[in-house]
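Worksheet: one structure, shown below.
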Amino acid sequence: MPEIELLNQIRTKASQKKKTIVLPESHDERVLRAAEILTKEKVASVITLGNEDKIRTEASKLGIDLQGVRIMNHEKSDKLSDFANIFFNQRKHKGVTIEQAKETIRRDIFFAGMMVREGMAHGSVGGSVATTGDITRAGLFCVGLGQGMSILSSFFLMAFPDTVYSFADCAVNPNPDSNQLADIAIATADNHKKLTGDEPYIAMLSFSTKGSAEHELIDKVRAATKLVLEKRPDLNVDGELQFDAAIVESVGKKKAPGSKVAGRANVLVFPDLNAGNIGYKIAQRLGKAEAVGPINQGLKKPFFDLSRGCYVEDIVNTAAIACLMAE
């Protein structure tokens with residue numbers, strides 16, 4: 001399934017969800033153009049932040065139609081005080097003062113985080129201007145980790161002509177421990193189903209299959225697999241599995257006979273960032289897969305980061321993904 005077909009399907013499904021997405025960085029022309037597309041195609045209801053007169057004047061100069069887009073002046077919002085108090089109570093144990101909390105919440109991405117936290121939007125897409133570090137902090141400090149989640153992680157949708165895989169974590173965590181690896185697997189499986197509609201089959205990857213080798217690196221993967229089974233017995237998961245045993249039916253039958261996952265895995269969980277990052281780039285560059293992501297996961301609600309070099313279509317597609325990942 002080529003990337004364009006996959007993303008069209010996601011946008012179509014998103015339009016049926018009728019979710020609200022906040023795009024905080026209205027001072028970026030790309031964000032305004034994305035807001036126009038999302039609204040006209042009815043992919044999502046859009047809120048953007050800033051001075052309404054200034055934004056509409058700028059949009060008019062650029063030939064952008066923002067009819068139907070809600071613009072909220074966050075710096076003059078009656079929510080500022082409430083949001084600052086919530087943020088202060090969340091962070092005062094770290095030495096944050098109420099004045100610092102007020103100043104932080106005036107920043108568009110942090111205000112957007114509080115909007116998502118308080119149910120004023122189903123998700124947020126930012127980072128075309130803000131750094132990844134700031135987006136990550138806003139997500140963790142304002143939205144917070146999801147129930148039972150120990151870590152913020154990411155995954156890629158890897159689209160091949162006839163199938164779609166989810167690879168995790170290939171962008172965020174250098175060396176997750178067994179508990180964190182289990183949470184990455186659970187989050188990726190749930191999101192794979194939301195975005196593709198396919199039942200997830202999770203392979204916990206290693207350089208060993210079912211005891212073919214012994215090493216402390218393998219022990220971590222085995223422990224993570226056990227934790228996934230304990231936390232989510234409803235999920236199809238197996239490990240440790242080598243990559244070929246995970247995705248090639250004939251190899252899976254030989255190396256892991258009786259496994260429900262071996263040979264049919266579509267969620268591939270790498271043991272660390274070295275393996276994950278290298279693996280997705282090999283699939284992309286040599287395997288000609290189309291990579292969609294990285295997509296953040298593990299927070300209570302979608303709070304996504306963009307590359308600062310992103311295109312308008314990237315913002316639109318990421319917003320559509322947020323719609324599907326929102327509860």
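The values are calculated or read from the model by the stated rules, or taken from the named source; none is laboratory data. The structure presented is a predicted model; accordingly, all values stated were derived computationally and were not measured. All Cβ positions, even for glycine, are placed from backbone atoms using ideal geometry, and neighbour counts span all protein chains on display. Side chains are part of the model used for accessible areas, which takes the heavy atoms of the whole protein and leaves out ligands, DNA and RNA. Shrake-Rupley method; radii C 1.70, N 1.55, O 1.52, S 1.80 Å.
A few comments on the model shown:
- Pair list, Cβ under 7 Å, 6 or more apart: region 206-218 residue farther than 12 Å from Pro271 by Cα and open to solvent by 30 Å² or more (accessible area, probe 1.4 Å), other residue part of a loop (DSSP other than H, G, I, E, B) and among the small types (Gly, Ala, Ser): Lys210/Ala256
- Enumerated strands (runs of 3 or more DSSP E) restricted to region 222-327, each holding at least 3 residues that are modelled with pLDDT of 95 or more and either under 18 Å from Thr196 (Cβ atoms) or small (Gly, Ala, Ser) (or both): 267-269
- Ala275 passes every criterion in (1) more than 26 Å from Gly146 (Cα to Cα); (2) over 17 Å from the mean Cα position of the chain (by Cα) apart from (1).
- Among the helices (runs of 4 or more DSSP H) confined to region 1-100, the ones with at least 2 residues that are at pLDDT below 95 and touching a helix residue (DSSP H, G or I) at 6+ places or on another chain (Cβ under 7 Å) are located at 3-17, 80-91.
- Qualifying position, being in contact (Cβ under 8 Å) with a residue 24 or more places away in the chain and open to solvent by 80 Å² or more (accessible area, probe 1.4 Å), among Gln67, Gln100: Gln67
- Unique residue being open to solvent by 40 Å² or more (accessible area, probe 1.4 Å) and within 17 Å of the chain's Cα centre (by Cα) when the list is Asp190, Asp169: Asp190
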